[in-house]
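What follows draws every value from the coordinates through simple rules; no lab data is involved. Only a predicted model underlies this, so the values are computations on that prediction, with no experimental measurement involved. All Cβ positions, glycine included, derive from the backbone under ideal geometry; neighbour counts span all protein chains shown.
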């Protein structure tokens, strides 16, 4: 299995909902990708932690410069029995990749796997918790720890 493709198998608690109509669900974190392997590995570690906390399989995919790409990650999930994918764009702003590239790529996957529900969440840009994240980084950076 490629690194980042699946952080957990669908047999994990919460992945199968026996007796319920909810499809077998996985979480996919979609990032830009980097020529720096450590940057891509940090996204894979994030997916592993998301999987651990959510009790669902989770993985990552990359737009460019890294693997797996979206098509490969989706195919891997589908091959493992996943029937619903919650895709979260791991981008800080609604730039061209999130507004144009990602919707086009998701539509291609929906056409390739019509039996799979692919839900696309919002990028991190509008998430209210981002202010707190930035302020925490400011506090870490200031010698006094910041007083705000």
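Structure summary
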item	result
Region 25-141: relative contact order in percent, alpha carbon pairs under 8 Å with at least 6 residues between	27 percent
Relative contact order of region 82-122, defined on C-alpha pairs under 8 angstrom at six or more residues apart (%)	69 percent
Order of 123, 34 under a 10 Å beta carbon neighbour criterion, fewest first	34, 123
Residues 141, 72, 25, sorted so that the one with the fewest Cβ neighbours within 10 Å comes first	141, 72, 25
Cβ-derived FRET efficiency at R0 41 Å, residue 147 paired with residue 22, nearest 0.05	0.30
Viscosity 0.890 mPa s, 25 °C: Kirkwood-radius Stokes-Einstein D of region 83-148 over Cα pairs, µm²/s	173 µm²/s
Computed label-point distance, nm, for sites residue 133 and residue 39 using a 7 Å Cα→Cβ extension	1.6 nm
Convex hull volume per residue for region 25-141, taking Cα atoms only, in Å³	113 Å³
